[in-house]
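*Asks:* Here it is: the structure, laid out below.
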Amino acid sequence: MRLVLLGAPGAGKGTQAALLKERYGLAHVSTGDIFRENLKNSTPLGLEAKKYMDAGQLVPDETVMKMVGAKLAELENENSKGFMLDGFPRTVAQAEFLESKTKIDGVILFSVDDEAIVKRLSSRAVCKDCGNVTTRLEHDKCPYCGGELYTREDDNETTVRSRLKVFHEQTEPLVKFYRDRNLLLEVDASQKPEKVFADVVELLDHDKN
């Protein structure tokens, strides 16, 4: 099974990816992880991306696509059970590139109202000790290890609204792109994570039958 996880920042894609990986044995392919891996290993693509990042610029589509293409080729060689792409594609150009490289079985759209996302992300907190992500609406300390919580710099309201604007401009066109290909599976991601996951499983299992 080859999936694309689509949704605005804070829609819960990472949480659902972890659950889907456990249930279906799919590889979780995050563009953030791919970037970090290439930067850590100082690959030619990593060094190329670093030039743009150091200058405060967006890494060009071409470089991102090369990184993702290399990762997909690696997974093909491993004969994995499939994968989930999280954070890619972000644009129609990237989606067309992906289409030329592999067959996608489904695109899960995690739909959440913008105001709900602003509230969710601006209350998000990370444990300094174990890295667990939680919310200040529910916890003063990390519920797993009791560690101190802190708020990421990009989880303030102004930055969140800016990220949502970019999502609507660049990534939202992918909804039509994949709906036209009859690949879009939409879930209400404003629900509790366990309910969202149950809805995703129902859609995927129904789609396989």
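*Asks:* How much net charge surrounds residue 111 when only the other residues with a Cβ under 9 Å from the Cβ of residue 111 are counted, with Lys and Arg +1 and Asp and Glu -1? Write down the numbers at each step before the final one.
*Replies:* Values: positive: none; negative: 113, 186, 188.
Combined, the nearby Lys, Arg, Asp and Glu give -3.
*Asks:* Sort 68-75, 53-60, 1-8 for me by packing, meaning the mean count of neighbouring Cβ atoms within 10 Å per residue, highest on top. Write down the numbers at each step before the final one.
*Replies:* Working: 68-75: 16.4, 53-60: 10.4, 1-8: 22.9.
Averaged packing, sorted descending, gives the order 1-8, 68-75, 53-60.
*Asks:* Let me ask something else. Please give the length that would be gained between residue 62 and residue 77 if that part of the chain were fully extended, namely 0.36 nm times their separation in residues minus their C-alpha to C-alpha distance (nm, one decimal). Could you put the intermediate results ahead of the total?
*Replies:* Details: separation 15, 0.36 × 15 = 5.40 nm, distance 2.27 nm.
Between residue 62 and residue 77, full extension yields an extra 3.1 nm.
*Asks:* Moving to a separate point now. Which pairs break 28 Å Cα to Cα here: 81/101; 128/176; 21/192; 40/128?
*Replies:* Details: 81/101 17 Å; 128/176 40 Å; 21/192 19 Å; 40/128 22 Å.
Result: 128/176 exceed 28 Å.
*Asks:* At a threshold of 8 angstrom on Cα-Cα distance, excluding pairs fewer than six apart, so keeping six or more, what relative contact order does region 92-150 reach in percent?
*Replies:* Numbers: 46 pairs, mean separation 13.8, N = 59.
This gives 23 percent for region 92-150.
*Asks:* Okay, next question. Between region 165-196 and region 1-63, what is the separation of their alpha carbon centroids in Å?
*Replies:* 18
*Asks:* Can you give the local net charge around residue 87? Use residues other than it whose beta-carbon is closer than 13 angstrom to its beta-carbon, Lys and Arg +1, Asp and Glu -1.
*Replies:* Details: positive: 13, 36, 71, 90, 163; negative: 33, 86.
With Lys, Arg at +1 and Asp, Glu at -1, the neighbours total +3.
*Asks:* Note down the relative contact order for the chain as a percent, whole number, built from C-alpha pairs under 8 angstrom at least six residues apart. Before the final figure, lay out each step's value.
*Replies:* Values: 270 pairs, mean separation 58.9, N = 209.
Reported relative contact order: 28 percent.
*Asks:* By counting other Cβ atoms within 10 Å of each Cβ, how are 37, 153 ranked from fewest to most? Intermediate results must be reported in sequence, preceding the final value.
*Replies:* Numbers: 37 14, 153 7.
Listing 37, 153 from fewest to most nearby Cβ atoms yields 153, 37.
*Asks:* Report the local net charge at residue 171: Lys and Arg +1, Asp and Glu -1, summed over other residues whose C-beta lies under 15 Å from its C-beta. Spell out each step's value before the answer.
*Replies:* Working: positive: 13, 90, 163, 165, 176, 179; negative: 61, 86, 96, 114, 169, 172, 186.
It works out to a net charge of -1.
*Asks:* If you work out Cα extents along the principal axes in Å from the coordinates, which of (i) 47, 46, 33; (ii) 43, 43, 32; (iii) 54, 41, 25 do you get?
*Replies:* (i)
*Asks:* To continue, here is another question. Springs between alpha-carbon atoms under 10 Å, Gaussian network over the chain: tell me which of 106, 147, 12 tops the mean-square fluctuations.
*Replies:* Maximum among the listed residues: 147.
*Asks:* For the chain, with a Gaussian network of springs between Cα atoms less than 10 Å apart, report the residue from 101, 192, 81 with the top mean-square fluctuation.
*Replies:* Ranking 101, 192, 81 by mean-square fluctuation puts 192 first.
*Asks:* So, one more: Which whole-number percent is the relative contact order of region 104-209 (Cα, under 8 Å, 6+ apart)? Show your work: numbers first, answer last.
*Replies:* Details: 107 pairs, mean separation 36.1, N = 106.
Reported relative contact order: 34 percent.
*Asks:* Please report 129, 86 as a ranked list, fewest other C-beta atoms within 10 angstrom at the top and most at the bottom. Write down the numbers at each step before the final one.
*Replies:* Numbers: 129 13, 86 20.
Arranged by neighbour count, lowest to highest, 129, 86 become 129, 86.
Values in this text are rule-based calculations from the coordinates and carry no lab data. This is a predicted model, so every value here is computed, not measured. Reconstructed Cβ throughout: ideal geometry from the backbone, glycine too, with neighbour counts over all protein chains shown.
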